[in-house]
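Structure first, then comments.
The numbers here are math on the coordinates, done by the rules we state, and not lab data. From a predicted model like this one, the values you see are computed outputs, not experimental measurements. Cβ atoms come from the backbone with ideal geometry, glycine included; neighbour counts cover every protein chain shown.
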Amino acid sequence: MIENKYNLGFFPTPLHVLKNLSEQYPDYKIFIKRDDQTGLASGGNKTRKLEYLIQKALDDGYDAVITAGAQQSNHCRQTAAACAKAGLECHLMVRGTKPKIYQGNLLLSHLLGAKIHFAGSAKKEVDYESLKKTIDAQGKKTYIIPIGGSNITGALGFVWAIKELKEQLNEMNIKIDYVFFASSSGGTQAGLVLGMELYGLETELIPIKIDKDDAIGMQLEETVLDIVKDGVKLLGIKKEYTLADVGVNKDYNQEEYGVLTDKEKYAIAILAKSEGILLDPVYTGRAFYGMLDCLKNKKIKPNSNILFWHTGGLPALFGYADGF
Ligand SMILES: *Cc1c(COP(=O)(O)O)cnc(C)c1O
């Protein structure tokens, strides 16, 4: 089933060393995995998940999709692009009220043909069911994709990503000791955890928690563990997982989701000015700051190889123009 996916991106995404940045942290060699370059309407980690989610929607005969997120949701933008390619009608439920001017991801989602529904309030819980009823009443069969595409179907994209990473590391003849990435709705992390077991990749994941608050009274770790347990069944994995296997780093999520602070701005500036690579204000900016802090303060073992998994998000920068 891991082979049954709808082609949406260009894989493998590049993996390369950050030479200039590594020179600033002599105890470490820093690599980057470029999922900002997946190629789907400016890329990002949701492309991998959507290859499985869209395949499932098509296999099961759906003709419309609903998903939800923030106004600057990268997931919504990539879902809009995926639906455009696959010929599915796309409905996005986004938080807040309709702005006068569409910027960043919201603009792109609109250009990609998605129907955008403004939830009106800032709260995260979304009422998929009533929208689904309305669309189904028009003779459609509507597939619901959860926030961030985070269920086991979507997470398979990151199981597959570990196979890809392992092949690249073998080719380059390097071993990675730590993998830093932004963890928010949990699907990326769950897929990586499962993929490491399935393909026998040894490394330590350091998921940087992005959200200050969890969505529906469930801790991020619990969400990740639930997806991992679904994956254990689906993939026939023998290992038993507990919360201890899906820990997240909570040192950098003091500010609310989507709040741009000097820390994210610092991280964005460092990578931009040392390597010519752009991070995003919500996820990778925060996670990259966390990684730099860990390196600077030697919170992880010196003389190790580090991988930052760049999960995308560039268009969101244009939604935060007034924050820079
Ligand atoms: C969605 C997203 C993440 C987080 O991935 P999850 O699977 O939701 O944990 C990280 N970075 C970017 C740019 C994203 O859009």
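For the range 83-139, applying the loop criterion from DSSP together with a ceiling of 14 other beta carbons within 10 Å to the trypsin sites (Lys or Arg not before Pro) yields LYS100, LYS123.
Beta bridges from DSSP with both residues in the chain: antiparallel share about 10 percent, rounded to the nearest 5.
Shape class for the range 198-324, computed from the alpha carbon gyration tensor (a ≥ b ≥ c): prolate, with a/c not under 1.5 and a/b above b/c. The packing ranking, built from the mean of other Cβ atoms within 10 Å per residue, places the peptides 8-14, 48-54 in the order 48-54, 8-14, highest first.
The calculated P(r) of the range 50-165, using every Cα pair and 5 Å bins from 0, goes 2, 12, 22, 23, 21, 12, 5, 2, 0 in percent.
Translational D (Stokes-Einstein, µm²/s) of the chain at 37 °C and 0.692 mPa s when Rh comes from the Kirkwood sum over C-alpha pairs? Here the translational diffusion coefficient equals 166 µm²/s. Residues SER73, SER42, SER130 in ascending order of nearby Cβ atoms (within 10 Å, fewest first): SER130, SER42, SER73. For a 4.7 Å threshold on C-beta separation, the list of partnerless cysteines in the chain reads CYS76, CYS294. Measure out, as a whole number of angstrom, how far apart the alpha-carbon centroids of the range 29-48 and the range 125-185 sit. One Cα centre to the other: 13 Å. Taking a straight line from the alpha carbon of LYS175, these aspartates and glutamates sit under 15 Å away, with near neighbours fewer than eight places off in the same chain left out: GLU164, GLU167, GLU202, GLU204.
The shape of the range 143-223 can be summarised by an equivalent ellipsoid whose semi-axes, obtained from the alpha carbon gyration tensor, come to 25, 15, 9 Å from longest to shortest.
If R0 is taken as 25 Å, the Cβ-Cβ distance between LEU278 and ASP322 corresponds to a FRET efficiency of 0.90. Between helix 74-86 and the chain there is an angle of about 60 degrees, using the helix long axis and the longest principal axis of the Cα atoms. Each label was represented as a point 7 Å from its Cα along the Cα-to-Cβ direction; for HIS110 and ASP262 these points are 3.5 nm apart. For the range 1-112, the square roots a ≥ b ≥ c of the C-alpha gyration tensor eigenvalues yield an a/c of 1.5 or more together with a/b not exceeding b/c, which makes the shape oblate. Between ASP245 and ASN20, the modelled labels are 4.1 nm apart [label points 7 Å from Cα along Cα→Cβ]. Using a cut-off of 28 Å between Cα atoms, the listed pairs LYS29/LYS166; LYS250/LYS301; LYS46/LYS115; LYS85/LYS233; LYS33/LYS299; LYS132/LYS209 include LYS85/LYS233; LYS132/LYS209 as exceeding that distance. Which of the lysines could be linked to LYS239 by a straight reach, that is with a Cα gap under 16 Å, when you skip same-chain ones fewer than 8 residues away? Candidates past the 8-residue exclusion: LYS229.
Taking the C-alpha atoms only, the angle from helix 262-275 to the longest principal axis of the chain is near 70 degrees.
Extension gain for the segment ILE174 to GLU202, taken as residue separation times 0.36 nm less the Cα-Cα distance, is 8.9 nm to one decimal.
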